[in-house]
1. Is it the case that some residue within region 41-57 is in a loop (DSSP other than H, G, I, E, B) and either modelled with pLDDT of 80 or more or surrounded by fewer than 13 Cβ atoms within 10 Å (Cβ to Cβ) (or both)?
2. Residues of region 100-133 being part of a helix (DSSP H, G or I) and farther than 20 Å from residue 170 by Cα, which ones?
């Protein structure tokens, strides 16, 4: 039969009855908590703040047209609301919210009888479905903004308008510049 050991009060005795040197504390003990290094965290926050300051526009401009666009001039205009932006630049690229969906020279190819721009229509339909999920029970306005350079061929604009209509965006707004007033 085996002799029973007496029950001892709990404590820090794990392995103390074993004569090994590795379980005995030597010198200064390391703290159980790790210190938090703040310098890299501050660097990350500075980068985020700088990014947000660069992207911020105080003028309320909602059309992300780069400086390479020369928009048509209009006598009267209304402020644009936030909506997907289809931009056609001088370099011939057609973008939807900054992502390229087509090239103007492809749209002007008369050998392609279809007016539908498939990537543009598909991405607009995805945006519409996303809006419907986020705003259940609300009526979809179908607003899209077209920002085209003055030199853009109307045949390309006609295909863009057609594709927007097929995707359910019938409320089309054109981004324009107002004439400069001399003071």
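The values are calculated or read from the model by the stated rules, or taken from the named source; none is laboratory data. Just so we're clear, the structure is a prediction, and the values are computed from it rather than from any experiment. Methodologically, a virtual Cβ is constructed for each residue, glycine included, from the backbone with ideal geometry; neighbour enumeration extends over all protein chains shown.
1. First, pick out the residues of region 41-57 that are in a loop (DSSP other than H, G, I, E, B): 56-57.
Pick out the ones that are also either modelled with pLDDT of 80 or more or surrounded by fewer than 13 Cβ atoms within 10 Å (Cβ to Cβ) (or both) and you get 56-57.
Taking every residue of region 41-57 in turn, at least one turns out to be in a loop (DSSP other than H, G, I, E, B) and either modelled with pLDDT of 80 or more or surrounded by fewer than 13 Cβ atoms within 10 Å (Cβ to Cβ) (or both).
2. Keep residues of region 100-133 that are part of a helix (DSSP H, G or I), which gives 104-107, 118-133.
Of everything in region 100-133, those that are part of a helix (DSSP H, G or I) and farther than 20 Å from residue 170 by Cα turn out to be 104, 105, 106, 107.
Quick grid of which residues meet (1) more than 23 Å from the chain's Cα centre (by Cα); (2) in contact (Cβ under 8 Å) with a residue 60 or more places away in the chain; (3) surrounded by fewer than 17 Cβ atoms within 10 Å (Cβ to Cβ):
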residue	(1), (2), (3)
97	no, no, yes
104	yes, no, no
114	yes, no, yes
129	no, no, yes
140	no, no, yes
154	yes, no, yes
173	no, yes, no
177	yes, yes, yes
